[in-house]
Amino acid sequence: ITHLNKFLDVIQGGPHQFVMENLLRFPQKKAAASAYGSAMHRAIDHLLLEYKVTQQLPKVDFLLHEFEAALMNERLNAKDFAERLERGREHLALYYEKRHHDFSMDDKSEFNFSNQNVLVGSAEITGKIDKMRIDPAKREIVIYDYKTGKGFYTWEAHADYDQRKLWTYKNQLLFYKLLVENSREFKGKYTVNKGAIEFLDHTNKDILVLPLELKNEEVAMMAQLLQTIFSKNKKLEFPDISGYEKSMYGIQSFTDDLLSGRT
């Protein structure tokens, strides 16, 4: 999904940037913010794995220790490490306080679909989902994705930057529904009707969870978009985006043109 979003994001270079980073794989320096997010993800994953093994929920100290160890492995400079360590410890402590009652040893953490042979039409897709909550009785799975940084109370936003963030988040959840429901392990057995973005950094001492009902028409559009972009990549067709406005309006116009075959 990060590759698909990059292809569509005319603000950040669209198909050209996709080619540079995801096909040619030119080296990219990992930003401190990305390193911080990775460490936060790993800390929670390790806590849930420990919960499964011991059958007892670890204390908050375990979570904070795992975060510090993961952040050290990111090899940040001293200033970035100190700043991110302080920030992460503060946010994770509150996250644990507010959300520990919702932790479940039955949740699947950081589930990797690389060996699930997922096809949407002719498009081959893969990814890793931060958390999946499985309800065997209802044959349903709820998907969660963790985010650091600014949290959102609603899917509506006025600022173009915030709209773009929420657009990437919604695309992610729609993509994950397709990923789960077309995978070898879950296809025909479970449906995904709901997803949520779980913000690890607190907002005004509040831990936000932004839920989303996954609508069939939006999922169908995502499936069509996946197949269109996959086909273009196979043919090495990378559309010229110079005529599109560098804004959410431009992203939406480019997306519409891809779906209609105008580009």
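The figures follow:
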| quantity | calculated |
| --- | --- |
| Nearest-0.05 FRET efficiency for T203 and H101, computed from C-beta distance (R0 22 Å) | 0.70 |
| Heavy-atom accessible surface of the range 108-263: percent carbon and sulfur, 1.4 Å | 48 percent |
| 0 to 90° range, to nearest 10: angle between helix 78-99 axis and the chain longest Cα axis | 80 degrees |
| Formal net charge of residues neighbouring G88 (Cβ-Cβ distance under 13 Å; K, R +1; D, E -1) | -4 |
| Helix axis angle, 160-181 relative to the chain longest principal axis, alpha carbon, degrees | 90 degrees |
| Unsatisfied cross-links (Cα-Cα over 25 Å) in the set K30/K150; K147/K189; K128/K170; K29/K205; K165/K246; K128/K165 | K147/K189; K29/K205 |
| The range 141-190: C-alpha gyration tensor shape, a/c 1.5 cut-off, then a/b vs b/c | prolate |
| Residue-count net charge about K205 - beta-carbon cut-off 12 Å; Lys, Arg +1, Asp, Glu -1 | -3 |
| Gyration tensor verdict on the range 13-125 (Cα atoms; rounded if a/c is under 1.5, prolate if a/b is larger than b/c, oblate otherwise) | oblate |
| For the range 1-150, accessible area per residue (1.4 Å probe, heavy atoms of protein chains only), Å² | 54 Å² |
| On Cα atoms only, tilt of 216-234 relative to the major axis of the chain in degrees | 70 degrees |
| For the chain, calculated [θ]222 nm from helices alone, where every DSSP H run of n ≥ 4 adds -39500 (n - 2.57) | -15500 deg cm²/dmol |
| Tensor-based shape of the range 126-263 (alpha-carbon gyration tensor, a/c under 1.5 rounded, otherwise prolate or oblate) | oblate |
| Label-to-label distance, nm, for residues given as K108 and Y249 (7 Å Cα→Cβ offset) | 4.2 nm |
| Summed side-chain charge close to N73 - residues other than N73 whose Cβ falls under 15 Å, Lys, Arg +1, Asp, Glu -1 | -1 |
| Kirkwood-based Rg to Rh ratio, the range 107-157, C-alpha trace | 1.06 |
| Options (1) 167; (2) 189; (3) 146 - which one matches volume of the Cα convex hull per residue in Å³ as calculated here | (3) |
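The values are calculated or read from the model by the stated rules, or taken from the named source; none is laboratory data. Predicted, not measured: the structure shown is a model, and the values here were computed from it. Every residue, glycine as well, gets a Cβ built from its backbone with ideal geometry; the counts of neighbours run over all protein chains shown. Surface areas here come from the heavy atoms of the whole protein model, side chains and all, with no ligands, DNA or RNA. Shrake-Rupley method; radii C 1.70, N 1.55, O 1.52, S 1.80 Å.
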